[in-house]
Amino acid sequence: MSESILKIAGLKVAYGGIKAVKGIDLEVNRGELVTLIGANGAGKTTTLKAITGTLPSGKVEGTISYKGQPMGSVKSHQLVERKLAMVPEGRGVFTRMTIRENLLMGAYTRNDNAAIEADIEKWYAVFPRLKERSEQLAGTLSGGEQQMLAMARALMCHPELLLLDEPSMGLAPIMVEKIFEVIRDVSKQGITILLVEQNAKLALQAAHRGYVMDSGSIIMSGNADDMLHDPRVKAAYLGEEA
C-alpha cells in the first residue's frame, strides 16, 4: 500500500456567501504525479492556497494532512522547512533580484553551501537560459524564463511535495513543451507532485492519476491514462468529440 503524503478530507472554502470549494476529498501518495484539472474558476487554485495557508481571506473547513500531520497550525512560511514547496500561478519570482539570488532564496532553509552550489549548477544544466542570464534581474526575463526560474527555485529546497499552479499559463507552445518535460523528469526523480493545470491533455499525459474539478466539487477521479481516453473528459476538457 502506497504511503499518503497529502490527504484532504471534506475541504470547504467560502468567501462571504460564495462557496469556492464544496467539500472535496483528494489524496496524493508519495512518489506520484497527480493532476487537478478543470475550467478556469473551478476552485483549483483556491485548493492549493488552502493547502499552503495562503488564502487572503475566506472560511476554511475540513482537514488537510501532510506526511500524516494536520496542517491547521502550520504557518505558510514553515512549509519549506517541512519540504513542501509551491510554484504559484503567475510565477512569483523576486523581480529585483538576479536569477542566482532567486535560486539562493529557494535554499534559504539550507546551510550546506557546497551542495547548494552544486544544485544551482544542476538547474543551470536543465535550464541553460538561466545560466546565460544568471546575473540578470528576474523581472527582465520572459514569462517562460520566469517559469523556469520559479520551478528551479522551488526545487532548491529539495521538496518532498511540489505544488505547481498553472505552470503552462501564458507561455509559448515550445516553452510549454520544455516545462512539461522538466515536470516529467522531476517526477522520475521521485519528487511527489500535485499539478494544477488548465491544459488537461498535457497534464493527464504526464500524470499517474487525475482529479477533475468543476464549480468547487470533484466530479471525477482515476487513472490518468483512463481519464485521457474517457469520452466525458474528451468532450469537456480536451476539445474532442465524445
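Looking at Gly144, Gly139, Gly222, Gly190, which is the one that is surrounded by fewer than 21 Cβ atoms within 10 Å (Cβ to Cβ) and in a loop (DSSP other than H, G, I, E, B)?
Step by step, each of Gly144, Gly139, Gly222, Gly190 is checked, and only Gly190 is surrounded by fewer than 21 Cβ atoms within 10 Å (Cβ to Cβ) and in a loop (DSSP other than H, G, I, E, B).
I'd like to check something: does segment 93-106 contain any residue that is surrounded by 13 or more Cβ atoms within 10 Å (Cβ to Cβ), touching a residue at least 24 places away in the same chain (Cβ under 8 Å), aromatic (Phe, Trp, Tyr) and over 22 Å from Lys131 (Cα atoms)?
Checking segment 93-106: not a single residue is surrounded by 13 or more Cβ atoms within 10 Å (Cβ to Cβ), touching a residue at least 24 places away in the same chain (Cβ under 8 Å), aromatic (Phe, Trp, Tyr) and over 22 Å from Lys131 (Cα atoms).
Residues of segment 62-81 being surrounded by 14 or more Cβ atoms within 10 Å (Cβ to Cβ), outside any strand (DSSP E or B) and either of a type in the set (Gly, Ala, Ser) or free of Cβ contacts under 8 Å to residues at least 24 places away in the same chain (or both), which ones?
Hits for segment 62-81 are Met71, Val74, Ser76.
For segment 1-55, name all the residues that are under 15 Å from Leu84 (Cβ atoms), of a type in the set (Lys, Arg) and in contact with a Leu (Cβ under 7 Å, 6 or more places away or on another chain).
Lys49
Within segment 49-61, take every residue that is of a type outside the set (S, T, N, Q) and surrounded by 13 or more Cβ atoms within 10 Å (Cβ to Cβ) and give me the one that is nearest to Glu27 (Cα to Cα).
So the residue we want is Ile51.
Please determine, by comparing only the residues of segment 2-31 that are without any contact (Cβ under 8 Å) to a residue 60 or more places away in the chain and of a type in the set (D, E, K, R), which one is farthest from Gly58 (Cα to Cα).
That would be Glu3.
State all residues of segment 1-26 that are farther than 17 Å from Gly190 by Cα and either touching a Phe, Trp or Tyr at 6+ places or on another chain (Cβ under 7 Å) or acidic (Asp, Glu) (or both); if no residue qualifies, say none.
Asp25, Leu26
Read-outs throughout are calculated quantities, based only on the coordinates presented, and are distinct from any laboratory measurement. None of these values were measured; they are calculated from a predicted model. All Cβ positions, glycine included, derive from the backbone under ideal geometry; neighbour counts span all protein chains shown.
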